[in-house]
Every structure is written in C-alpha cells, then in structure tokens.
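Below you'll find the structure, written out as structure tokens, and then a few comments.
The values are calculated or read from the model by the stated rules, or taken from the named source; none is laboratory data. Since the model is a prediction, treat every value here as computed from it, not as a measurement. Cβ coordinates were reconstructed from backbone atoms using ideal geometry, including for glycine residues, and neighbour counts include every protein chain displayed. Protein only, heavy atoms only, side chains kept; ligands, DNA and RNA dropped before computing areas. Shrake-Rupley method; radii C 1.70, N 1.55, O 1.52, S 1.80 Å.
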Amino acid sequence: MRPIGTFGRPLDTAVPVPFAGRLVPPTLHVAERFHRPVGAAMRALAAQPEFVSLMKRFGMMADTVDEAEFSDIAVAFAGLDVEVFLRTLRALGEHDASRILPSIEVPVLVVAGDRDRMTPRGLSQQMVRKIPRAEILVVRGGTHYTAVEFPELVALRIGRFLRDHGLGG
C-alpha cells in the first residue's frame, strides 16, 4: 500500500489560487534554474522554530499536529535534493491518472482532511467514485497533513480497512 495524492494534474488543484495551473509551471522552471538558492531558502525556512506555528496560523496545518514531530519532518524535507524535487513537481503537474482509476482492482482507502487546501475533499470524493473498490475517511479538521495531525485515528482506520479486506492481522 502506498499513499497517493489527487488523480488529475495535481498542481492545478494543489495551489489554491486562480490560474495556478498556468502560474505554477513557469514558477517551477525558474525555481529549477535557481535550485541552489531555492534550496538554501527552503532549509532556512524549515529550520525556523516558528515554521510549524506559521503553517498552523495560515490554515495549512491543523492545531492537533505535534509541532516537535512535524519540525523533524520539515528538517528532513529541507534535506532533499531540491533540483530533483522541483523536476518531480513539474512532472507531477503534467500527470493525469483519471483514465486509469476505473481499472484499479485492489481495495483503496482514501484519507482526506475536510480542510485540505491542496487536495480538496471534493477531489477525494471524485476519486472514490471512480475507483471500483474505494472507501473514504474524511477527517474533520484535517488538512493536507491529516495523517500527521490525527495519527491515532488514521492508524485505527487503516487497521480496520486492512482487516476488512483480509490484508492485516
């Protein structure tokens, strides 16, 4: 089992601003050209003790997230090869899996937060309708980081999903 995001051109929906689909690709292109200073800026931002608090304040993360734990994740994220990460984001923006969803033959659990600005609940619900054996868990108050914000709830639901489908103990 592996986590996935939305199914159709994710960068068109992941950035909650009008015309994001047209603005993000050229922005990523510029960021790729200047990947060293962009990487330095990402590392500096992630290292700030206020980083998680700012994410919460802007509604990008729920208040329930463990700030110390997420700070560790942010620091690890900042250690990524930024050039490769930006190329991956650009490729993600060109990807659309809409046509293959009906052909997925395994059980799928979609975990969604009702406050997720990058993968809005409506997109998660569309995905569930298109995948034959899909189920959804919508977490009230969850954002794009629902699994980190509500780890016990998500783990319990995944455990039940696996048991219901004969996939876990």
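Observations on the model:
- When every Cα-Cα distance of region 114-169 is counted in 10 angstrom steps from zero, the calculated P(r) takes the values 23, 46, 30, 1 percent.
- Two-decimal ratio, region 77-131, of alpha-carbon radius of gyration to 2.2 N^0.38 Å: 1.41
- Each stretch of four or more DSSP H residues adds -39500 (n - 2.57); spread over every residue of the chain, this sum gives -16000 deg cm²/dmol at 222 nm.
- Overall, the accessible surface of the chain at a probe of 1.4 angstrom is composed of carbon and sulfur to the extent of 60 percent.
- Considering the chain at the alpha-carbon level, its Rg and Dmax are found to be 17.1, 49 Å.
- Folded to 0 to 90 degrees: helix 20-33 orientation relative to the chain principal axis, Cα: 50
- Entry note, region 10-169: relative contact order of 24 percent, from Cα contacts under 8 Å with a spacing of 6+ residues.
- In nm, spacing of pseudo-spin labels at A40 and L167 (7 Å Cα→C-beta vector): 4.5
- Average accessible surface area per residue within the chain, 1.4 Å rolling probe, Å²: 62
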